[in-house]
Structures are given as structure tokens and as C-alpha cells.
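Before any comments, here is the structure.
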Amino acid sequence: MLLDAPLIHLSALTLLGIAVLAGFYAGRAVRFLRLPSIIGYMAVGVLLGPSVIHLFDESVMAHLSFITQIALGLVAFSIGAELNLASLRRQGAGIMAVIFSESFGAFFVVIAGVYILTRDWPLALIFGAMAPASAPAGTVAVIQEYRAKGPLTKALYAVVAFDDGLAIIIFAFAAAVAKALLIAEATGAASGSILPALWAPAYEIVLSVVLGGSIGFAFCQMVRGLRNSRDVFILLIGCVLVAAGLAIRWHLSLILTNMAVGFVLANLRREASVRRITAPLLDVMPLVFVLFFCLAGAHLQLAALPALGAIGGVYIAGRIIGKLAGARLGAMVGDLGDNVKRYIGLGILSQAGVAIGIALIAAHDFGLLADEYGLEHAAKIGAATLTTVTATSIVFEILGPITAKIALQKAGEIPKSAL
């Protein structure tokens with residue numbers, strides 16, 4: 001039975017404690033079904049959230065949003081710390097081929113599917129722009145839970161690190177074209193320019209990298225000579241929090257900023273030193289993932305699922321086909337190993353935060369366009385995008401971790417002791 005108000009009112013700390021305890025046991029329970037623990041964490045979040053018993057209501061989740069920001073900062077730092085340039089050179093240009101191929105594969109396949117269904121170019125462009133973004137937290141959580149190591153694991157770290165940045169640029173381009181088409185529809189003449197729309201995300205990406213790189217360099221200087229792992233860990237957390245806080249304050253990408261912090265560390269310090277610095281994170285990240293995915297589950301609205309309809313089905317199918325086919329094509333062009341060619345697409349299907357963020361931007365921008373030009377068409381595009389992406393994120397956040405585990409297991413990169 002779904003409820004419109006909380007059964008009882010509990011403090012935020014009590015709710016967090018309940019989420020951690022329930023998430024822990026739910027995670028262990030789903031492991032018996034050979035599923036990643038994060039499926040259990042998300043199930044607890046859905047149960048505690050507005051969709052079911054309503055313990056986590058909107059105001060509570062707003063107060064706890066800093067936990068999600070910290071978790072994303074730590075995940076992004078962990079990804080960046082895996083991106084050693086020497087290692088990337090050994091993988092060669094193949095990784096970039098995969099990133100571009102899977103991103104544009106999802107983009108074009110979804111555009112084609114939505115246009116065939118609706119005959120609406122602006123709508124198809126915006127839905128296509130939603131498809132490239134992945135959810136790095138889901139992939140990283142599976143890799144760390146199963147202690148995966150190998151070529152596919154390294155490739156997954158690289159792909160999920162960079163494809164969100166590319167997704168932001170793709171969205172900017174697609175939104176500019178869609179807006180121009182809608183304005184032409186309203187005025188009867190072509191209007192609008194793509195370049196101003198591209199400037200904002202390019203500016204955001206460059207400044208995010210500069211900010212993160214600067215903090216990463218400062219962190220490397222601060223830990224120089226420190227031997228106590230606890231002292232190093234305190235400085236690490238401090239730098240991640242500073243990077244996340246400044247990125248939010250200056251409207252930059254939290255993920256790209258913290259990824260740059262880890263990237264600088266990975267390339268200025270020796271590999272053994274990087275492992276020593278990041279080792280304490282392995283003990284902290286399980287708790288971070290419990291909290292992060294419980295809160296993510298609480299944000300998922302089960303009531304949105306019936307709204308999926310045909311366009312949601314086309315979006316899900318198109319994104320899966322585009323990601324899988326594009327990733328395989330890119331791995332073949334880049335002449336990566338057989339396991340990477342076969343399985344990398346399965347590891348990048350998760351989608352949540354960045355895509356929902358882009359959908360919120362689309363709903364806001366197209367709402368303003370509707371008000372300015374009296375375009376009901378634009379308002380419908382914004383509403384349809386937000387509703388569909390929110391609903392499909394439920395599907396991808398369940399499917400993505402499962403397929404990532406399957407990929408790593410089939411590639412032989414999960415030790416038997418971790419299964």
C-alpha cells in the first residue's frame with residue numbers, strides 16, 4: 001500500500017541508521033541470488049521513500065543531499081585515481097574509440113527510434129541526447145564489491161570516467177538544434193545559434209578540470225612525506241570535500257572536478273604510492289554505497305513507471321542497442337582484447353544522476369521556451385523528457401549493475417572468492 005505521508009516522524013540520523021542497517025541485510029540477501037548488493041540497497045531506498053512507506057520524504061532527502069554529493073565526489077576521485085596515463089597509453093586510442101562509438105551509437109539509435117515513433121525531430125533530438133550519459137557509481141560499486149581486476153575493468157573505469165563529459169557536450173548541441181527547430185516552428189523562420197549553447201558546457205568542463213587539477217596538485221604536495229595512512233586519509237577526504245563544495249558553489253561538474261583530483265594524483269605519484277593513499281577508501285566505500293544507493297532508490301518514483309509507454313520502451317531498447325553495438329564497434333576499431341570487445345557494452349548500461357540532471361535542465365529550458373514563444377510543443381517535450389528519463393532510470397539502475405557483474409564474471413576478472 002502506497003502512502004502519501006510518513007507513518008511516523010523520525011530524525012534524519014535515525015532514518016540514516018535504519019537505511020544503513022536495512023541496506024546491509026538487503027545487500028546480503030540479494031547476494032544469495034547472485035545479484036550485486038546495490039540492488040538490495042536501492043530496494044530498501046524505494047521501500048523507505050515516497051513510493052511506499054514514505055519515511056524518506058522530499059524534505060528529508062533535500063536535507064540529506066550532501067551525502068549524495070560526498071558519495072559522487074568519492075566515486076569520481078576513485079575513477080580518476082585509476083586513470084594513469086601510462087596505463088591508458090597501453091590501452092591506446094581504442095578506449096577513445098569506445099567512448100565516442102558507444103556515446104554516439106546510443107545517441108543516433110535513440111533518435112532514429114523516437115523519430116520513427118513520433119515523427120517529431122525536436123523530441124527525438126532531446127531523447128537522443130539523454131542516452132549517452134552513464135552512471136559511474138553503479139559500475140564502480142560492482143567493480144569494488146567483486147574486487148574485479150583486468151583489462152575490462154581498466155577499460156570500464158576509463159569509459160565511465162569520460163562519457164559523461166561527452167554526454168554534456170552532445171546534449172548542448174542537440175538542445176541547440178531542437179530549440180532552433182522549435183523557434184522556427186513558432187516564428188516561421190530559422191532562428192537560434194548553436195555556438196552560444198555549446199559555450200556553457202565547454203566552459204564548465206574546462207573550469208572543472210582546472211579546479212580539480214589544482215586541488216589534486218595541492219593534495220600531492222600535502223601528502224608528500226606523510227607515512228601515517230590515517231593522516232593521508234584525512235587530507236584526502238578534506239580535498240574531496242573542498243573540490244565538491246567549490247564545484248557546487250561555482251556551478252561546475254562535481255564529477256569531473258573530483259575525477260581531475262584523482263587523475264592528477266595517479267599521474268604525479270608512483271603507482272605504489274597511489275595504492276597506499278587510496279587503500280583506506282576500500283574500507284569506507286561500502287558504507288558510502290549503502291547510503292548513496294538507498295537515497296538513490298528513495299528518489300525513484302514507482303508511480304512514474306506506468307507513464308513509460310511506447311516512447312519509454314523505444315528509449316530503453318534504443319539506448320541498450322546503441323550502447324552495446326557502439327561499444328563493440330569501438331573496441332573492434334581500437335583493436336582491444338577479445339573480452340573487452342565482447343563485454344564492455346554490458347558494463348556501461350547504468351544510468352541515473354547525470355541523465356536526470358540533464359533532463360531537469362531540458363524541462364527547465366524548454367519550459368522557458370514555451371513561455372517565451374507560447375509553444376505548447378516545447379513544454380510537452382520538457383515534461384516528457386523528465387518523466388521518461390526518471391522512469392527509465394529505475395530500469396537501468398537495476399539492469400546496469402547486473403549486466404556489469406555478468407560482463408566482469410564472463411571476462412574472468414572476478415576472483416572466485418568474491419562470488
Check your understanding: Between Gln144 and Ala325, what is the spin-label point distance in nm, taking each point 7 Å from the Cα along the Cα→C-beta axis?
Key -> 3.5 nm
**Study point:** Cα convex hull of the chain - mean projected area over all directions, nm²
**Key:** 20.5 nm²
Practice item. Give, in nm to one decimal, the length gained when the segment between Ser214 and Arg28 is fully stretched (0.36 nm per residue of separation minus the Cα-Cα distance). Key: 63.0 nm
Review point. In whole Å and largest first, what semi-axes does the C-alpha gyration tensor of segment 198-285 yield when each eigenvalue is scaled by 5 and square-rooted?
Key: 25, 13, 10
Revision key, fill the gap. Expressed in angstrom and rounded, the centroid-to-centroid distance over alpha carbons for segment 340-407 and segment 45-117 is 11 Å
Revision key, fill the gap. Residue-normalised 222 nm signal for the chain, counting each DSSP H run of n ≥ 4 as -39,500 (n - 2.57), nearest 500 deg cm²/dmol, is -26500 deg cm²/dmol
Review point. Which lysines does Lys179 reach when only Cα atoms under 30 Å apart count, and residues fewer than 8 places away in its own chain are ignored?
Key: Lys323, Lys380
Exercise for review: Mark the label point 7 Å from the Cα of Thr118 along Cα→Cβ and return the residues of segment 377-419 whose backbone N is within less than 16 Å of it.
Suggested key: 377-393
Revision key, fill the gap. In this structure, the FRET efficiency calculated for Leu13 and Ile234 from their beta-carbon separation, with R0 = 25 Å, to the nearest 0.05, is 0.65
Study note, to complete from the structure: Relative contact order of the chain (C-alpha contacts under 8 Å, at least 6 apart) in percent is 28 percent
Point to revise | Distance in nm between pseudo-label sites at Lys380 and Ala93 (7 Å out along the Cβ direction from Cα) | key: 4.5 nm
Review point. Using a cut-off of 13 Å between alpha-carbon atoms, which aspartates and glutamates can reach Lys149, once sequence neighbours fewer than 8 places away in the same chain are excluded?
Key: Glu82, Glu413
Review point. Rounded to the nearest 0.05, what FRET efficiency do Leu282 and Ser59 have when you use their Cβ-Cβ distance and R0 = 51 Å?
Key: 0.90
**Study point:** From the C-alpha gyration tensor of segment 138-187, square roots of 5λ in Å
**Key:** 39, 10, 6
Check your understanding: What size of dipole, in debye to the nearest 20, comes out for segment 36-418 about its Cα centre when the only charges are +1 on Lys and Arg C-beta atoms and -1 on Asp and Glu C-beta atoms?
Key -> 1520 debye
Check your understanding: Points 7 angstrom from Cα along the Cβ direction at Trp199 and Phe173: gap in nanometres?
Key -> 2.0 nm
Review point. How large, in Å, is segment 46-176 by the Kirkwood hydrodynamic radius built from its alpha-carbon pairs?
Key: 17.1 Å
Point to revise | Segment His364-Asp338, length gained on full extension (0.36 nm per residue, minus Cα span) | key: 5.0 nm
Exercise for review: Name all residues of segment 119-146 having a backbone nitrogen under 19 Å from the label point set 7 Å from the Cα of Phe108 along its Cα→Cβ direction, giving them as ranges.
Suggested key: 121-122, 124-133
Practice item. Please sort 60-66, 232-238 by packing, taking for each peptide the average over its residues of neighbouring beta carbons within 10 angstrom, highest first. Key: 232-238, 60-66
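Quick note: the coordinates plus some simple rules give every number you see, no bench work behind them. Please read all numbers here as calculations on a predicted model, not as lab measurements. Here Cβ is always computed from backbone atoms with ideal geometry, including for glycine, and neighbour counts include all displayed protein chains.
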